Amino acid sequence: MDFSGEHIFLVEDDQTLNFIIKDNLEQNGYKVTSVDDGQKAIDSFYKDKFSICILDVMLPKKDGFSVAREIRKKDDHVPVIFLTAKSMTEDRIKGFSIGGDDYITKPFSMEELLLRIKVFLKRSVKPGDQDGDAPGYKVGNYVFFFDNLILDYGDQRKTLTYKEAELLKYFCENPNKVLSRSEILINVWGSDDYYLGRSLDVFISRLRRYLKDDPDIKILNLHGIGFRFNARVAKN
């Protein structure tokens, strides 16, 4: 089979579901490495490079959250999608706070999973890519290169996750405007979902932390309404 060049890391302990997902992904041209417990996942991740990680939350030996923490120690960039049978708000918030990019609740359709994967892989960004002449945003004293998921402050560089970058881009395109929670969620996540709404606060906190070195940049919480991104923004 001819693979697309994209290497997907699948961690799922249900043998039947693991086989079904792996088979469908390979039929769609992806190379897939799959394992069935958290410890194997950590060991395998450190031995290879992957384009995207799909992690079940409930795993033997090490749960999906523990695996995600190890992944983020090595790689800030690779997208992480959690799979879980749970729909608890706390689980979603925990997954996003660790550095997850998306969350799919079982049962799900393969079409849904494939669509999510295509969204994350639409930009072929690799760690260490040079920004070169890539267009960016001047955000106060920061420079933000959306295509490369890079946020620069002087000689300091932060690589963002996909969702962090998409949220910051939306703010950069709508500076100093009142933005409702609903419009942010629809434009960044494609859904105005209660659980995503709670998780949005996690992403806002992370962006505030990344932008804290410029005191003139503020992400204001407008109680009962949404947010306003107060910053001087210009396109490079």
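Observations
- So SER191, is it small (Gly, Ala, Ser) and either at pLDDT 95 or above or assigned to a loop (DSSP other than H, G, I, E, B) (or both): yes
- Residue match in the stretch 4-16 (condition: surrounded by 15 or more Cβ atoms within 10 Å (Cβ to Cβ), touching a Ser or Thr at 6+ places or on another chain (Cβ under 9 Å) and over 26 Å from ARG92 (Cβ atoms)): yes
- Within the stretch 38-56, the only residue that satisfies the criterion of being buried (at least 17 other Cβ atoms within 10 Å of the Cβ) and in contact with a Lys or Arg (Cβ under 6 Å, 6 or more places away or on another chain) is GLY38.
- Count of the stretch 60-97 residues which are among the β-branched types (Val, Ile, Thr) and modelled with pLDDT of 85 or more: 5
- Taking each residue of the stretch 5-25 that is of a type in the set (S, T, N, Q) and looking for partners that are assigned to a strand (DSSP E or B) with beta-carbon atoms closer than 7 Å, six or more apart or interchain, yields ASN18/LEU10; ASN18/SER34.
- Qualifying positions in the stretch 136-184 - assigned to a loop (DSSP other than H, G, I, E, B) and either in the same structural domain as CYS53 (by TED's automatic domain parsing) or small (Gly, Ala, Ser) (or both): GLY136, GLY140, GLY154
The values are calculated or read from the model by the stated rules, or taken from the named source; none is laboratory data. Owing to the predicted nature of the structure, the values given are computational and were not obtained by experimental measurement. Here Cβ is always computed from backbone atoms with ideal geometry, including for glycine, and neighbour counts include all displayed protein chains.
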